[in-house]
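Single-structure report; data block below.
Just so you know, all these numbers are worked out from the coordinates, no wet-lab data involved. Just so it is clear, the structure is predicted and the values come from calculations on it, not from any experiment. Positions of Cβ are backbone-derived with ideal geometry, glycine not excepted, and every protein chain shown enters the neighbour counts.
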């Protein structure tokens, strides 16, 4: 009987992961320091002003320090959401005499406008109520309430949250995509579940999801069904190639090319002309050799990429199967092969793309 009651209680719990003790303590310490520091600065700026800090910031700190990966905790949501709620709350307080009606309408309108501007932030509902029920001190501020304490508190707490989370090695604010090098999916995503698959599934969801582990598993399973339907027995180059290609231009200065190599951490890059036609490749090795002979008067005229690049380039067409590429990657240790259509560079197939595709084919055997 007791065991049955426990099972029933478990159905009421969210399917959230319980963090280790250290992580839980760090979340609490972050909120403690964030609220203390931003509160002190607000007090210092506003002096003995009675409303120098507002209670909704406590709710915001839960999101910023405990679940910074949540869509509801991102800077846009906090700043825009709190501003909208403050504006609506002050307006309702000024023009709706009945307090119950005023804060009810304020919260309802704030939710609608935050969802319309993709800035939903749950603590903003409390900001709207504070604007209505905050008493004479808040009412006397009028629309200045939006700037202080609302925006002042929000910005200060947000700045500390960014610094604190970065110091812990957490990515905050969240980046828009997994692949930070280009706009393309990662090599693994290209041959399994792509971001577009997940977006297609989300479009059919009627609820606004603040993603939990259970929700993510459900989305991935449905997205996998779509990916399986797309799978073919043989991949073509166009199926796995990266279209957002990092490349050099023939007229680039060699020093500029070296700077790009440093930024992208690659050993070789394709070279195109003004018409985006592939005209060669340049390896970091070629730049090293150029520096070695820089003192030679016969090489003093070389200062552009086109003057030191390799003009003999192995290319493939988008419609070729990836099996045609295997000898180049295996026997000649190519890092990538440009994909060309009508002489224009349309993509590249990298060694990582090939490994991911071949691994996927092995898994289906």
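Order of 170, 17 from fewest to most other C-beta atoms within 10 Å? Before the final figure, lay out the partial values.
On the way: 170 15, 17 9.
With the fewest neighbours first, 170, 17 line up as 17, 170.
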So, with points 7 Å from each Cα along the Cβ direction, the residue 262-residue 220 label distance in nm works out to 3.9
Output the 0 to 90 degree angle, nearest 10, between the alpha-carbon long axis of helix 99-116 and the longest principal axis computed from the alpha carbons of the chain. 0
Could you work out the helix-only [θ] at 222 nm for the chain, with each DSSP H run of four or more residues adding -39,500 (n - 2.57) and the total divided by the number of residues, to the nearest 500 deg cm²/dmol? -16000 deg cm²/dmol
Taking only Cα atoms, what is the 0 to 90° angle, nearest 10, from helix 152-167's long axis to the longest principal axis of the chain? 40
Segment residue 311-residue 234, length gained on full extension (0.36 nm per residue, minus Cα span): 24.6 nm
How big is the antiparallel share of DSSP beta bridges in the chain, given as a percent to the nearest 5? 85
Once label points are set 7 Å from the Cα along Cα→Cβ at both residue 296 and residue 355, what is their separation, rounded to one decimal in nm? 3.6
Contour excess over end-to-end distance, with Cα ends at residue 289 and residue 275 and 0.36 nm allotted per residue: 2.2 nm
Efficiency of FRET between residue 363 and residue 137 - r from beta-carbon atoms, R0 45 angstrom, step 0.05: 0.10
I'd like the orientation of helix 21-46 relative to the chain: the angle between its Cα long axis and the longest Cα principal axis, in ° from 0 to 90, rounded to 10. 70
Roughly how many whole Å is it from the C-alpha centroid of the range 285-359 to that of the range 104-175? 51
Sorted by Cβ neighbour density within 10 Å, fewest at the top, the residues 289, 275: 275, 289
For the range 58-90, list residues with backbone N below 16 Å from a point placed 7 Å from the Cα of residue 144 toward its Cβ? 90
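Test of understanding: ordering 63, 94 by Cβ neighbours within 10 Å, fewest first, what list do you get?
On the way: 63 23, 94 14.
Ascending number of Cβ neighbours within 10 Å: 94, 63.
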Go through (i) 21, 37, 31, 10, 0; (ii) 29, 58, 12, 1; (iii) 31, 62, 7, 0 and flag the label whose value is the computed P(r) over Cα pairs in 20 Å bins from 0, in percent for this structure. (i)
